[in-house]
Amino acid sequence: MRRSFLALSGAVVAILVAAGCSGSAPGAAVSSPISSPTAGALPHSGAPKVEHPLPASVLSGDPCQEALKPDQVEQILGIAPEGKRHDNPALGTACDWNNDTTGAAATVGYVTQVHDGLSAVYKNTKPLSSVWREFPSIQGFPAAAHTTISSGTQGGFCQVSIGISDSLSVDASLTVRRAKIGKADACELAPRVADMVVTNLRKKAGM
């Protein structure tokens, strides 16, 4: 599995590119470990309830085409490379975008095969996290930014897990470019990328 599951206005161009956002790279934090569904008991493990869920159909497409648009990828990475899709039968589908020159990259993963949504993240990922920051709302959807002990903040990596329903979640991750490792806080930047993803999913849902 890759580093993450595997990831706004014009101000983001200056904020993200200047800070050197990037995303997935092999060998660091992974998305939520699989949790056995707890029938009729969502949310659990301290995860917040998703009050206004999106339909599951918003995750039916290709994240390389729908999760982030080319102009959004350019805001994050400084260029708009073609996304590389990878499928994990235990988790779902993800897409990686990489700037090979700077080391910047982003990943968005649709977690469709684990039916516990954010509850799985709270149960399995939170105890292993060296950084854990909860966000009550990204456009109305609860989320948490996290890095595992194995990846650590020194690697400039952060992943945001967003609950789009009580049973479904989306991961958006990034790692700051090599020149900014140790200088930029990826967990301050990653929620802004998550916001872009939520914007696109809401648009697909007609919201």
inquiry  = Anything in the stretch 154-207 that is part of a loop (DSSP other than H, G, I, E, B) and β-branched (Val, Ile, Thr)? List them, or say none.
reply    = Ile164, Val176, Ile181
query = From Ala94, Ala56, Ala67, which residue is at pLDDT 95 or above and over 13 Å from the mean Cα position of the chain (by Cα)?
reply = Ala56
query = With Thr148, Thr199 as the choices, which residue is closer than 16 Å to Leu59 by Cβ and either surrounded by fewer than 24 Cβ atoms within 10 Å (Cβ to Cβ) or among the aromatic types (Phe, Trp, Tyr) (or both)?
reply = Thr199
note = Every listed condition ((1) of a type in the set (S, T, N, Q); (2) surrounded by 15 or more Cβ atoms within 10 Å (Cβ to Cβ); (3) farther than 23 Å from Gly117 by Cβ) holds for Gln65 save (2)
request  = Confirm whether Ala194 is closer than 21 Å to Glu51 by Cβ and touching a Ser or Thr at 6+ places or on another chain (Cβ under 7 Å).
outcome  = no
inquiry  = Quick check on this structure: which one of Asp100, Asp171 is of a type in the set (Asp, Glu) and closer than 24 Å to Lys203 by Cα?
reply    = Asp171
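So which strands (runs of 3 or more DSSP E) are wholly in the stretch 80-119 and hold at least 3 residues that are of a type in the set (A, V, I, L, M) and crowded, with 17+ Cβ neighbours inside 10 Å?
Counting at least 3 such residues, we get 104-111.
For the stretch 172-193, check the following and say yes or no: at least one residue is touching a Pro at 6+ places or on another chain (Cβ under 6 Å) and either among the charged types (D, E, K, R) or over 28 Å from Ile79 (Cβ atoms) (or both).
No, that holds for no residue.
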request  = Please determine, by comparing only the residues of the stretch 97-110 that are more than 22 Å from Val58 (Cβ to Cβ) and touching a strand residue (DSSP E or B) at 6+ places or on another chain (Cβ under 6 Å), which one is modelled with the highest pLDDT.
outcome  = Asn98
message = Just to be sure before I move on: is Gly163 out of contact with any strand residue (DSSP E or B) (no Cβ under 6 Å at 6 or more places or on another chain) and more than 25 Å from Leu77 (Cβ to Cβ) in the structure I sent?
response = no
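The values are calculated or read from the model by the stated rules, or taken from the named source; none is laboratory data. No experiment lies behind these values; they were computed from the predicted model shown. Reconstructed Cβ throughout: ideal geometry from the backbone, glycine too, with neighbour counts over all protein chains shown.
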